[in-house]
Amino acid sequence: MENQIVHLTAAHTSLIVRCTPFAEILYWGKRLSQFSADDIISLSRAVPNGRIDVEAPVNFSADTGRGSFGTPGMEGHRDGLDWSPVFNTTQVKHNGNQLTLITEDPLAGLQFRSELRLDDSGVLQARNSLTNLKPGTYQVTRLAVTLPLPERAAEVMAFHGRWIKEFQPHRTQLDHGGIIQENRRGKTSSEYFPAMMIGHPGFSEEQGEIWGIHLGWSGNHRLRADIKIDGRRLVQAEALYFPGEQRLKQGETLETPWLYASYSASGLNRMSQQFHRFVREQILRFPDEKPRPVHLNTWEGIYFDHDPDYIMQMATESAALGVERFIIDDGWFRGRDHDRAALGDWYLDEKKYPNGLKPVIDHVKKLGMEFGIWVEPEMINPDSDLYRAHPDWLLALPGYQQPSGRHQYVLDLNNPQVFDYLVERMSWLLGEHDVDYVKWDMNREIVQPGHDGRAALTAQTQQFYRLLDVLGERFPQIEFESCASGGGRIDFEVLKRSHRFWTSDNNDALERQKIQRGMSYFFPPEVMGSHIGNKLCHATSRQHSIEFRGLTALFGHMGIELDPVKEGEAERAGFAKYTRLHQQLRPLLHSGDVYRVDTHDGTMLINGVVSETRDSAVFLVSQLAMPTWSLPGVLRVPGLKPDARYRVTVLDEPPLLAGGGSGHTMRVQPAWLHESPVLSGEWLANAGLTLPVLDPESALLLGFEEVR
Ligand code: DGJ
């Protein structure tokens with residue numbers, strides 16, 4: 001079985017794998033149309049002096065036992081033995097664009113299995129598993145997916161963040177020492193979104209080669225981009241295990257989460273478009289085909305202050321604005337008057353709702369809206385009936401004082417009694433009420449996640465998935481939103497069982513522009529919750545015009561989060577206007593290709609969506625801060641058909657510009673701005689449109705329609 005070669009292809013990508021005698025990726029990059037298996041001779045490597053005498057590959061399991069000195073793809077032992085396996089291929093299963101490679105080390109008694117799927121979208125899915133073939137427990141310390149990268153992959157982009165400031169990009173050179181990103185917060189976390197983009201130095205939205213990866217996992221993770229002294233590079237991703245957490249008895253198997261990878265030769269935009277297409281075709285499962293309904297969420301309107309009559313008034317006002325789904329947030333259950341009590345007591349607060357939830361829900365439905373409700377099932381407040389009855393239901397280590405977070409603890413989902421209690425309470429809520437939507441929150445980090453004294457975070461994460469799976473099967477018509485203090489649990493694996501993410505608790509349009517841009521690299525607009533918040537933003541105390549707030553919220557799954565009863569006429573007219581605009585544009589926004597445009601001025605962000613057929617597009621030009629230059633330059637519009645002609649119209653603009661006005665930073669507008677010129681896609685892509693000078697914290701929305 002020497003040199004069995006498999007070539008997987010997608011529209012823009014090729015992956016070439018040597019399957020035997022061991023499993024190794026030889027090429028991952030631009031699609032090759034002329035490849036023949038004999039070509040691989042050109043990749044046979046030299047053996048340098050001063051090292052071991054044989055060529056040392058970085059195979060799928062990155063065995064150090066072969067003499068490659070990088071981090072191995074797995075680490076473990078059987079009571080001190082079988083700790084340095086060397087895996088050779090025993091089976092190759094190749095079917096279309098799917099490849100499964102089974103490799104074994106009979107001495108160590110281990111099987112290492114790799115699954116690869118290259119989707120039509122260009123996204124590569126990869127997962128490894130380890131099986132203990134011998135008697136005796138095998139303790140696994142690490143199990144990773146390893147992908148080699150070419151020498152030109154020398155710059156890394158990743159995201160850091162925190163509460164109310166998620167998805168902030170940073171860049172660094174990949175050099176000696178490599179880069180490690182570890183998340184130990186117990187959920188996906190906003191500290192490090194589990195992704196890295198490694199590319200040709202200087203890669204941008206529109207230019208350069210990029211290898212982007214995302215680990216679909218909602219627990220702790222470790223990502224590593226590394227370069228060894230022989231110049232070879234790799235990226236490695238894994239769920240991070242606590243000591244003793246993974247013990248395999250004979251015949252048992254441990255799997256890595258799926259790693260999702262997208263190669264682009266045309267900048268970050270192509271990488272994102274491939275991820276978006278993959279999410280749309282392979283992950284998202286909406287209960288029906290209806291457009292994503294515009295939300296009204298009560299949280300920043302009334303917080304814990306629930307009065308059903310008033311909430312019904314809010315619903316009436318919401319419906320008048322064009323809202324399609326009304327969500328009651330935190331505060332509806334027994335004893336929940338503030339954030340210090342009641343989590344776990346999933347019974348209606350009959351003091352607040354003496355007639356039950358039904359009259360409110362009926363009212364919402366009569367207004368033609370869907371009804372949604374907030375829960376945080378994984379949590380328990382020490383001040384709750386549940387805690388008083390079951391203080392031992394915590395995910396914790398006996399003998400230690402577990403620190404609280406937002407005054408709450410985490411329930412141990414590995415305890416069947418806890419799991420069953422939550423299924424029963426959630427089934428009461430969702431089965432006995434006409435609920436269409438659940439906002440599933442998770443508001444603390446996990447410390448000492450112990451079950452029966454042993455580390456149990458991986459199992460907790462899996463039980464969380466199972467809980468959502470059980471409820472999803474029981475209530476297939478109900479949609480779920482994943483929220484964790486805003487964007488703390490956003491990843492592809494949780495998205496398999498949810499339908500929307502709450503991006504951030506920060507509704508400040510200026511901050512949102514950057515947070516949403518960060519999220520857009522991996523997630524399409526229809527799963528990105530984006531709300532128009534109060535004029536005085538609760539997170540930052542900044543104030544923005546309704547135009548800037550409305551346009552910023554437009555490019556996601558839109559909603560409004562405030563008390564519409566208390567708002568004045570002008571604000572309400574604004575909510576209605578942007579709701580209508582979103583509804584009008586949403587078929588395009590929620591199906592088209594997302595583009596982020598390279599600009600020469602960091603104070604300006606430009607993003608847009610081009611329809612699949614490329615006959616229409618919208619682009620938003622957002623001026624975040626005082627422009628660097630007195631002229632903003634030209635927008636060269638990507639994605640349009642070069643030989644088609646498009647009418648260019650202003651769909652929305654800062655009020656000062658309407659009717660030819662000039663704002664504070666401009667004296668005369670560009671002549672085309674209100675002329676709706678018809679221009680070719682070729683001209684728009686190459687010569688472009690001169691932009692007006694916009695005031696800070698304002699935006700301009702441009703529409704492009706093909707003229708036939
Ligand atoms: C945190 C969430 O991110 C908010 O949107 C809100 O639902 C609160 N929790 C409620 O307690």
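Answer yes or no as to whether residue 447 is crowded, with 18+ Cβ neighbours inside 10 Å, touching a residue at least 40 places away in the same chain (Cβ under 8 Å) and in a loop (DSSP other than H, G, I, E, B). Can you show your working first?
Working: crowded, with 18+ Cβ neighbours inside 10 Å: yes; touching a residue at least 40 places away in the same chain (Cβ under 8 Å): yes; in a loop (DSSP other than H, G, I, E, B): yes.
Yes; evaluated as a whole, the condition is true for this residue.
Tell me the residue from 69, 60, 22 that is surrounded by fewer than 17 Cβ atoms within 10 Å (Cβ to Cβ) and aromatic (Phe, Trp, Tyr), please.
None of the others qualify; the one that does is 69.
Quick one: would you say residue 279 is part of a loop (DSSP other than H, G, I, E, B) and either at positive phi or aliphatic (A, V, I, L, M) (or both)?
Spelling it out, it is not the case that residue 279 is part of a loop (DSSP other than H, G, I, E, B) and either at positive phi or aliphatic (A, V, I, L, M) (or both).
So which of 212, 186 is buried (at least 17 other Cβ atoms within 10 Å of the Cβ), on the phi > 0 side of the Ramachandran plot and touching a Leu at 6+ places or on another chain (Cβ under 9 Å)? Let's see the steps before the verdict.
On the way: 212 fails: on the phi > 0 side of the Ramachandran plot.
Among 212, 186, only 186 is buried (at least 17 other Cβ atoms within 10 Å of the Cβ), on the phi > 0 side of the Ramachandran plot and touching a Leu at 6+ places or on another chain (Cβ under 9 Å).
Has region 672-679 got at least one residue that is among the β-branched types (Val, Ile, Thr) and either farther than 24 Å from residue 555 by Cβ or surrounded by fewer than 16 Cβ atoms within 10 Å (Cβ to Cβ) (or both)?
yes
Please note which helices (runs of 4 or more DSSP H) are completely contained in region 287-381 and include at least 1 residues that are away from the ligand (no atom under 16 Å from the Cβ) and surrounded by fewer than 22 Cβ atoms within 10 Å (Cβ to Cβ).
Hits in region 287-381: 308-321, 358-366.
Which one is farthest from the chain's Cα centre (by Cα) among residues in region 165-183 that are under 19 Å from residue 446 (Cα atoms) and either of a type in the set (Ser, Thr, Tyr) or crowded, with 20+ Cβ neighbours inside 10 Å (or both)? Before the answer, list the steps.
Our first condition is that a residue be under 19 Å from residue 446 (Cα atoms); within region 165-183, this holds for 166, 181-183.
This time we only want the ones that are either of a type in the set (Ser, Thr, Tyr) or crowded, with 20+ Cβ neighbours inside 10 Å (or both), so: 166, 181, 183.
Working: 166: 11, 181: 17, 183: 15 Å.
Among those that are under 19 Å from residue 446 (Cα atoms) and either of a type in the set (Ser, Thr, Tyr) or crowded, with 20+ Cβ neighbours inside 10 Å (or both), it is 181.
Taking region 176-207 on its own, how many of its residues are charged (D, E, K, R) and part of a strand (DSSP E or B)? Break it down stepwise before answering.
Here is the first cut: in region 176-207, the ones charged (D, E, K, R) are 182, 184-185, 187, 191, 205-206.
Right, trim to part of a strand (DSSP E or B) and you get 182.
Number of matching residues: 1.
If I go through region 233-256 residue by residue, how many of them are within 26 Å of residue 450 (Cβ to Cβ) and β-branched (Val, Ile, Thr)?
Qualifying residue count for the region: 2.
Tell me the residue from 231, 244 that is out of contact with any strand residue (DSSP E or B) (no Cβ under 9 Å at 6 or more places or on another chain), among the small types (Gly, Ala, Ser) and either assigned to a loop (DSSP other than H, G, I, E, B) or within 28 Å of residue 134 (Cα to Cα) (or both), please.
Selected residue: 231, the only one of 231, 244 that is out of contact with any strand residue (DSSP E or B) (no Cβ under 9 Å at 6 or more places or on another chain), among the small types (Gly, Ala, Ser) and either assigned to a loop (DSSP other than H, G, I, E, B) or within 28 Å of residue 134 (Cα to Cα) (or both).
Filtering region 497-536 down to residues that are away from the ligand (no atom under 11 Å from the Cβ) and among the β-branched types (Val, Ile, Thr), which residue is nearest to residue 218 (Cα to Cα)?
So, considering only residues that are away from the ligand (no atom under 11 Å from the Cβ) and among the β-branched types (Val, Ile, Thr), the one nearest to residue 218 (Cα to Cα) is 527.
Hey, does region 411-426 have a residue that's at pLDDT 95 or above, within 16 Å of the ligand (Cβ to nearest atom) and either more than 30 Å from the chain's Cα centre (by Cα) or more than 22 Å from residue 335 (Cα to Cα) (or both)?
The answer is no, given that none of the residues of region 411-426 is at pLDDT 95 or above, within 16 Å of the ligand (Cβ to nearest atom) and either more than 30 Å from the chain's Cα centre (by Cα) or more than 22 Å from residue 335 (Cα to Cα) (or both).
What is the number of the single condition among (1) polar (S, T, N, Q); (2) more than 16 Å from the ligand (Cβ to nearest atom); (3) touching a residue at least 12 places away in the same chain (Cβ under 8 Å); (4) surrounded by fewer than 21 Cβ atoms within 10 Å (Cβ to Cβ) that residue 404 does not meet?
(2)
When region 488-524 is examined, which residues are found to be small (Gly, Ala, Ser) and under 9 Å from the mean Cα position of the chain (by Cα)? Outline the logic, then answer.
Step one: list which residues in region 488-524 are small (Gly, Ala, Ser), which gives 488, 498, 504, 509, 518, 520.
Answer for region 488-524, where residues must be small (Gly, Ala, Ser) and under 9 Å from the mean Cα position of the chain (by Cα): just 520.
Among residues belonging to region 585-612 that are out of contact with any Lys or Arg (no Cβ under 9 Å at 6 or more places or on another chain), β-branched (Val, Ile, Thr) and closer than 26 Å to residue 644 by Cβ, point out the one that is surrounded by the fewest Cβ atoms within 10 Å (Cβ to Cβ).
Looking at the filtered set, the residue picked out is 599.
Scan region 560-571 and report the pairs whose first residue is closer than 10 Å to residue 535 by Cβ and at pLDDT 95 or above and whose second residue is among the acidic types (Asp, Glu) and assigned to a helix (DSSP H, G or I), with Cβ atoms within less than 6 Å and a gap of 6+ or a chain change.
562/300
Regarding region 652-674, can at least one residue be identified that is in a strand (DSSP E or B) and either modelled with pLDDT under 95 or of a type in the set (Asp, Glu) (or both)? Quick ask: steps written out before the conclusion?
Here is the first cut: in region 652-674, the residues in a strand (DSSP E or B) are 652.
Going one step further and asking which of them are either modelled with pLDDT under 95 or of a type in the set (Asp, Glu) (or both), we end up with 652.
Checked region 652-674: at least one residue is in a strand (DSSP E or B) and either modelled with pLDDT under 95 or of a type in the set (Asp, Glu) (or both).
Please work out which one of (1) farther than 18 Å from residue 559 by Cα; (2) away from the ligand (no atom under 16 Å from the Cβ); (3) of a type outside the set (Lys, Arg) is the condition residue 494 fails and give its number.
Checking residue 494 against (1) farther than 18 Å from residue 559 by Cα; (2) away from the ligand (no atom under 16 Å from the Cβ); (3) of a type outside the set (Lys, Arg), the one that fails is (2).
Might you check whether a residue that is touching a Gly at 6+ places or on another chain (Cβ under 6 Å) and part of a loop (DSSP other than H, G, I, E, B) occurs anywhere in region 521-528?
No, region 521-528 has no match at all.
The values are calculated or read from the model by the stated rules, or taken from the named source; none is laboratory data. Just so we're clear, the structure is a prediction, and the values are computed from it rather than from any experiment. Reconstructed Cβ throughout: ideal geometry from the backbone, glycine too, with neighbour counts over all protein chains shown.
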